[in-house]
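Just below is one structure, and these are the notes that go with it.
The values are calculated or read from the model by the stated rules, or taken from the named source; none is laboratory data. Source: prediction; values computed, not measured. Quick reminder, even Gly has a Cβ in these numbers, built from the backbone with ideal geometry, and neighbours come from all protein chains shown.
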Amino acid sequence: MTNSIGELSDADVILLTGSNTSEQHPVIAGKILDAVRKGAKLLIFDPRIIHLTSFAHMHLRQKPGTDIVWINALMKVIIDEDLLDREFVNSRTEGFEELSRSLENYSLERAAEICGIEASDLREAARIFAMADKASIVYCMGITQHVFGTRNVLALANLALLTGNVGRLSTGVNPLRGQNNVQGACDVGALPNVLTGYQKVDDDVARGNFESAYGKKLPSKPGLTLIEIMNACLEGKIKFLYIMGENPMITEPDLKHVEEALSAVDFLVVQDIFLTETARLAHVVLPGSCWAEKDGTFTNTERRVQRIRKAIDPPGDARLDWQIICDIAKAFGSDYFEYSSAEEIFDEIAKLTPSYSGMSYQRLSTQGLQWPCPSVDHPGTVYLHETGFARGKGLFSVVEYDPESQKLEEHYPFVLMTGRVGFQYHSGTMSRRSRALAREVPEAYVEISPQDAARLGISDRDKVKVVSPNGELTVRAFVTERVRPGEIFIPFHFSEAPANILINSRELDPQSKITSMKFCPARIEKA
Amino acid sequence: MSDKNLDFSYTTVPTICPYCGTGCGMLLEVIGGKISGVLPMKGHPVSDGCLCLKGWTAHEFVSSPDRLARALVGKDGDFKEVGYTEAVALVADAMRETVENHGPDSCAFVASARCTNEENYLMSKLARFAVGTNNIDHCARL
Amino acid sequence: MSIREKARQLFAEGVDGVLAFKRTDGVCIPHLFTKTEVEEICKDVPADQRYPVAGIVRRIFLSGLAGKIGVVARGCDERALIELGKQGQIDFDLLSIIGVACSEEQARYCECSKPYPSRIDVGSRFEGISVSEKVRAVESMEGDERLAYWLAQFASCLKCMGCRNICPVCYCVECSLEDENLVRRGSVPPDWPVFHLLRAVDMASRCIDCGLCEESCPSGIPLRTLYKKATEIVKELFDYEPGADMTQRSPLGTIGDQSELPGGAFEA
Ligand code: SF4
Ligand code: SF4
Ligand code: SF4
């Protein structure tokens with residue numbers, strides 16, 4: 001997030017899209033409700049009805065896959081009606097002319113036709129957003145999990161820049177991270193192209209710092225992303241694969257492909273706290289520890305680095321995950337893996353990472369610190385871009401809608417969206433072992449509109465087969481107004497009905513390498 | 001009396017919820033050395049005394065009987081338990097052989113958005129520094 | 001007297017542990033102190049960081065730990081302990097209370113009618129607030145407006161169960177909020193108003209007005225106001241006040257045997 005969670009309560013307008021916040025980030029939903037009670041206007045762009053839509057000033061239901069169209073249409077209204085923040089655009093941004101020209105094609109009429117939102121509603125939403133003093137954009141996977149996810153995000157950033165909603169309290173472009181430490185894993189370099197703090201592996205200066213700290217040359221060619229790793233396993237190029245604490249056999253798209261890939265490697269190591277679907281395929285399974293058993297830090301979605309603390313010992317022969325890595329490194333013959341505590345590792349991260357360099361366990365305390373925190377007397381950064389952007393001026397990107405992205409295939413008339421439900425989490429490895437959570441939502445289902453259900457002769461709780469070009473799945477039908485005719489939704493947490501089997505992983509977003517989990521052609525048959 | 005009765009203890013340990021990216025503050029309740037529950041952390045900058053249902057029940061999976069307590073070696077779900085040191089040696093040997101015979105880029109590492117920063121950092125250090133490959137990623141895209 | 005002095009005195013009298021607060025890393029956390037740890041006991045009871053100490057005492061006893069416990073208790077905490085004692089959930093013979101009176105500021109924030117325990121060891125007594133402005137404000141709404149107000153509040157519920165989980169006097173093994181016949185599972189918001197009315201009815205004869213439920217509600221629903229009104233009604237009809245003393249019997253517990261709490265209703 002460019003801004004902080006608490007600031008949401010004081011926004012005048014919140015534009016929420018692709019996030020079922022009440023179910024995925026309930027405590028953040030609480031801040032949004034707080035803002036609404038204080039008079040903020042909530043604009044929700046979402047194909048589905050969600051809990052927060054009953055508190056929204058407007059609920060605008062775009063057709064899946066058409067986000068760029070409505071975002072561009074809002075900007076066109078804002079420019080045409082001269083509602084933009086001229087001063088901000090002139091002094092803090094670049095590329096406005098190009099943006100403005102590129103929006104010519106996004107007349108309200110054309111936009112309305114493509115995205116399915118009334119032209120008058122688009123106009124009203126644009127005015128409300130532009131006229132707010134403090135408008136905050138909040139989004140989640142509904143925006144990013146598309147082959148064009150990166151472009152969706154750029155379009156939202158354009159909207160914030162155009163209206164000067166950046167670099168001030170209660171504004172900004174705010175992605176909500178799904179998992180507890182996605183932000184941190186990225187921050188500390190668990191990515192193929194960057195070292196800690198997003199320092200590029202092919203940047204000689206940045207890499208040089210690490211090389212002198214480690215006393216060894218590091219590879220400068222960016223590595224493979226997870227989906228590319230899976231492909232390389234199948235091609236026989238990856239022979240040794242070490243997976244820590246992830247269960248791609250549930251969470252990755254195109255599960256058949258993942259299983260083939262994992263089975264193809266010569267040596268698969270899985271380190272986890274349960275014998276997951278992925279661990280079952282391993283040659284060696286190492287017993288790791290869970291969060292209650294260790295010291296360390298997580299970084300939340302608002303960049304707050306926070307300490308977790310050990311409460312109990314791990315069971316049996318299970319070890320702290322960082323100790324396992326060190327033991328393997330040492331057995332492999334590598335130096336520089338001698339640590340006596342998680343704190344020592346953190347100090348090394350702080351030394352090598354400019355945005356973390358002012359942090360220490362003592363300073364993090366129980367309140368945490370938000371990066372960037374470049375020095376020991378720096379209080380941390382509540383919101384980004386107050387005075388400028390990393391590159392100086394904010395650059396508008398021209399983002400065009402590609403009609404291909406909304407195309408369905410013959411025999412697959414439905415748009416399938418996959419996602420989460422509130423009472424389960426990710427692959428279900430943890431949450432399905434919780435009695436209270438399992439009680440709430442014990443099994444997978446497919447949401448289908450009453451109209452489609454009637455047409456296909458399907459009743460609530462009937463077993464149905466969902467078929468995509470990639471695979472098929474049998475689940476119970478949940479007939480609900482939450483989805484519109486032509487659209488269906490399946491949660492992905494359930495290993496006996498893994499929705500991701502339906503998703504293809506061959507078409508990826510060129511930048512983020514994300515595949516489309518929110519737009520998959522499908523059909524439904526009675527089982 | 002009390003000082004000898006080691007199990008006569010109740011304490012709370014400040015920590016962060018392991019589920020979503022909100023990062024709510026919580027206290028783990030530990031009675032007699034066992035986790036018995038969760039309390040929301042008052043005065044936390046994000047959640048100040050609130051949690052969602054997932055947070056409130058975050059302790060429930062910790063003591064699940066399914067927890068892995070031994071290293072396993074095997075294939076196709078047919079596993080046998082081995083000592084920890086033996087398992088570590090097996091992994092290190094396989095890694096060394098792969099690097100020697102096929103080069104560092106024939107190895108790949110998948111870190112975790114559920115593990116700590118420290119652990120993810122070390123995984124990256126293992127890949128880049130020990131093995132010499134940038135083939136490291138995690139499931140962030142989900 | 002200070003909390004530490006009183007704790008020392010209790011240890012001298014043979015108490016095995018004292019449940020109080022520990023200041024660590026900028027927060028105050030509940031902790032059961034042993035004799036040797038007495039110097040680490042937080043000198044005050046932090047106003048903005050309140051925890052359900054009575055509920056914790058219940059859980060400590062429930063876990064089978066054997067020993068005598070001293071506990072730092074404000075007015076509401078003592079009321080909760082009394083209520084739990086009445087329901088057979090805790091054994092008063094094993095309990096010694098370190099009574100702490102709340103400040104005027106705290107009492108006003110809580111609109112608490114009795115912001116002190118029966119015996120005050122620490123702090124000085126502020127008489128308390130007899131009329132809740134928040135309750136009066138809701139009462140002053142017209143019927144339709146009031147209904148709409150509560151329905152909108154209930155509709156914002158995120159089903160975190162925090163109101164129940166943090167409540168010091170909620171302990172039923174079989175919670176009606178989890179009964180599939182009453183509240184459908186898996187939906188956010190939970191069926192309303194039934195979810196909230198079920199809880200309000202349950203609390204009408206039990207709520208000791210600590211306000212912890214409202215403080216832990218991520219949706220900011222004014223639960224305390226609701227339960228204050230519910231207990232007010234019970235007081236008017238039956239002259240009964242939960243947690244006031246050990247002898248009064250709950251009027252709602254005597255309506256029929258269905259309403260009697262099952263004996264030994266301990267959580268698993
Ligand atoms: S308590 Fe709920 S909202 Fe808070 S971090 Fe945990 S899962 Fe997220
Ligand atoms: S105020 Fe809320 S938490 Fe306290 S006793 Fe009443 S219902 Fe329970
Ligand atoms: S604490 Fe609030 S949001 Fe949570 S279940 Fe209770 S009323 Fe609903």
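Overview of values
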{"read-out": "Criterion (surrounded by 19 or more Cβ atoms within 10 Å (Cβ to Cβ) and either facing another protein chain (nearest Cβ under 9 Å) or more than 8 Å from ligand 3 (Cβ to nearest atom) (or both)) met by exactly one of C:Asp191, C:Asp209, C:Asp179", "value": "C:Asp209"}
{"read-out": "Residues within the range C:55-81 that are part of a helix (DSSP H, G or I), away from chain B (no Cβ under 11 Å) and either more than 21 Å from C:Arg164 (Cβ to Cβ) or in contact with a strand residue (DSSP E or B) (Cβ under 8 Å, 6 or more places away or on another chain) (or both), tallied", "value": "4"}
{"read-out": "The range C:80-111: number of residues that are polar (S, T, N, Q) and within 15 Å of ligand 2 (Cβ to nearest atom)", "value": "3"}
{"read-out": "Residue within the range C:180-194 that is touching a strand residue (DSSP E or B) at 6+ places or on another chain (Cβ under 8 Å) and at negative phi present", "value": "no"}
{"read-out": "Of all residues making up the range C:211-223, the number that are within 16 Å of ligand 1 (Cβ to nearest atom) and assigned to a loop (DSSP other than H, G, I, E, B)", "value": "5"}
{"read-out": "Tally, over the range C:140-171, of residues that are hydroxyl-bearing (Ser, Thr, Tyr), away from ligand 2 (no atom under 16 Å from the Cβ) and touching a residue at least 60 places away in the same chain (Cβ under 8 Å)", "value": "1"}
{"read-out": "Scan of the range A:90-102 for residues that are touching a helix residue (DSSP H, G or I) at 6+ places or on another chain (Cβ under 7 Å) and surrounded by fewer than 22 Cβ atoms within 10 Å (Cβ to Cβ), ordered by number", "value": "A:Thr93, A:Phe96, A:Ser100"}
{"read-out": "Those residues of the range C:119-160 which are in contact with a strand residue (DSSP E or B) (Cβ under 9 Å, 6 or more places away or on another chain) and surrounded by 14 or more Cβ atoms within 10 Å (Cβ to Cβ), in sequence order", "value": "C:Ile120, C:Asp121, C:Val122, C:Gly123"}
{"read-out": "Residues of the range A:273-329 satisfying the condition of being more than 7 Å from chain B (Cβ to nearest Cβ), of a type outside the set (Lys, Arg), within 30 Å of B:Gly43 (Cα to Cα) and surrounded by fewer than 24 Cβ atoms within 10 Å (Cβ to Cβ)", "value": "A:Glu293, A:Asp295, A:Asp313, A:Pro314, A:Leu320"}
{"read-out": "Qualifying residue in the range B:3-21 (condition: within 16 Å of ligand 2 (Cβ to nearest atom), of a type outside the set (Gly, Ala, Ser), at pLDDT 95 or above and part of a loop (DSSP other than H, G, I, E, B))", "value": "no"}
{"read-out": "Selection from the range B:66-119 of residues that are of a type in the set (Ser, Thr, Tyr) and more than 7 Å from chain A (Cβ to nearest Cβ)", "value": "B:Thr85"}
{"read-out": "The range B:40-52, residues that are more than 17 Å from A:Ser4 (Cβ to Cβ) and surrounded by fewer than 23 Cβ atoms within 10 Å (Cβ to Cβ)", "value": "B:Lys42"}
{"read-out": "Pairs with Cβ under 7 Å, 6+ apart, first in the range C:204-221 and under 19 Å from A:Val36 (Cα atoms), second away from ligand 1 (no atom under 15 Å from the Cβ) and among the aliphatic types (A, V, I, L, M)", "value": "C:Glu214/C:Leu223; C:Cys217/C:Leu223"}
{"read-out": "Pick from the range C:42-54, criterion more than 9 Å from every other protein chain (Cβ to nearest Cβ) and either out of contact with any Asp or Glu (no Cβ under 9 Å at 6 or more places or on another chain) or farther than 21 Å from C:Arg206 by Cα (or both), ranking: farthest from ligand 1 (Cβ to nearest atom)", "value": "C:Lys43"}
{"read-out": "Selected residue (criterion: nearest to the chain's Cα centre (by Cα)) from residues of the range B:86-142 that are within 17 Å of A:Lys200 (Cα to Cα) and of a type in the set (Val, Ile, Thr)", "value": "B:Ile136"}
{"read-out": "Segments classed as helices (runs of 4 or more DSSP H), wholly inside the range A:132-239, with at least 1 members that are at the interface with chain B (Cβ under 7 Å from one of its Cβ atoms)", "value": "A:182-187, A:204-214, A:226-234"}
{"read-out": "Options A:Ile243, A:Ile229, A:Ile238, A:Ile250: the member that is under 21 Å from B:Thr116 (Cα atoms) and among the β-branched types (Val, Ile, Thr)", "value": "A:Ile243"}
{"read-out": "The one condition in (1) touching a helix residue (DSSP H, G or I) at 6+ places or on another chain (Cβ under 8 Å); (2) more than 16 Å from ligand 3 (Cβ to nearest atom); (3) within 7 Å of another protein chain (Cβ to nearest Cβ) that B:Leu53 fails to fulfil", "value": "(2)"}
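Residue by residue, here is whether (1) within 14 Å of chain C (Cβ to nearest Cβ); (2) part of a loop (DSSP other than H, G, I, E, B); (3) over 19 Å from the mean Cα position of the chain (by Cα) holds:
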position	(1), (2), (3)
A:Gly6	yes, no, yes
A:Ser9	yes, no, yes
A:Ser19	yes, yes, no
A:Gly30	yes, no, yes
A:Leu43	no, no, yes
